[in-house]
1. With a 1.4 Å probe and every protein chain left in place, work out the accessible area per residue of the stretch 28-86 in Å², rounded to a whole number.
2. Using only the Cα atoms of the stretch 81-211, what semi-axes does the equivalent ellipsoid have when each is the square root of 5 times a gyration tensor eigenvalue? Give whole Å, largest first.
3. From the protein chains alone at 1.4 Å, what is the descending order of accessible area for Glu182, Glu74, largest first?
4. Between rounded, prolate and oblate, where does the stretch 26-122 land on the alpha carbon gyration tensor, with a ≥ b ≥ c its root eigenvalues, rounded for a/c under 1.5, else prolate if a/b exceeds b/c?
5. In what sequence, highest mean first, do 196-206, 51-61, 169-179 appear when ranked by Cβ atoms within 10 angstrom?
6. Mind ranking 129-136, 92-99 by how tightly packed they are, going by the mean number of other C-beta atoms within 10 angstrom, highest first?
7. What residues qualify as long-range amide H neighbours of Glu74, i.e. H under 5 Å apart, gap of 5 or more or another chain, H built at 1.01 Å from N?
8. If packing is taken as the mean number of other Cβ atoms within 10 Å per residue, what is the order of 149-157, 41-49, highest first?
Amino acid sequence: MSAQRIRRIAALAIIGLTLSPCGFAGENLVTNGTFATGNFTDWTMTTIGNTNSAAVVIATDNTARPFPNGAFGEAIPNDTLNIGSPNTSSGYAAYFSTDYGTQILSQTIALGVGTYSIGYDVYVPYNGYINPYDASFSASIPGTDLIAQTTVGTIGMTEGIDRWLTVASVATIASAGNYTLEFAFSGAGYAAKDILVDRVFVVKGDALVPEPGSLILLVTAVCALGLMLVRRRRA
């Protein structure tokens, strides 16, 4: 991708740059960010309206399993990305697939004044992507949007399907306090598209380290905190 090629996704302006962030050094302030427990321990799941399939944690070991132990028969590969989170994948990921209603996965984290690297990995499976109805998806922490309100279809169309993608931002926290990291998923009808999330992280400091020879997407969001969003497609 050329450094001059610009496109829009939701409310973000996406600019291709030749950079490569390493895995962010430091302590991950998110507990169970790789869902290593095999469930949502230390997370809060809230549902709004009637949902027909619960958000679950499934194994990402490239083995096809029926729901709720898998992605409706599609084999999901392990997340082998080594950028963004300081933690490697545990072999599990959060899976959102409801056709109706809204599911909100959240965790409250105490943050002091300063700069933080925040992000996660995302995967759009093929068998969900071809479903006739879309689903909305957003990821945020107050004052920032890791992915502004968009759709799973948009993510799959612009970034590809059946591949893990890192989404990360660098944001400045102006006031110390408790901040809630939140993922929201809403199905638009039967059958709706689905999505997986893994390697969620919040790390103190701006750890973007340039490295020649690899390509990521650097996204600058128009917001008061000067949010940066970094994406890298899985090779």
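1. 47
2. Listed largest to smallest, the semi-axes of the stretch 81-211 are 27, 17, 12 Å.
3. Glu182, Glu74
4. Cα axes put the stretch 26-122 in the oblate bin.
5. Ranking the peptides 196-206, 51-61, 169-179 by packing returns 196-206, 51-61, 169-179.
6. With the highest mean Cβ count within 10 Å placed first, the list reads 92-99, 129-136.
7. Arg65
8. 149-157, 41-49
The values are calculated or read from the model by the stated rules, or taken from the named source; none is laboratory data. It should be emphasised that the depicted structure is a prediction, and the values quoted were computed from it without experimental measurement. All Cβ positions, glycine included, derive from the backbone under ideal geometry; neighbour counts span all protein chains shown. With ligands, DNA and RNA removed, areas are computed over all heavy atoms of the protein, side chains included. Shrake-Rupley method; radii C 1.70, N 1.55, O 1.52, S 1.80 Å.
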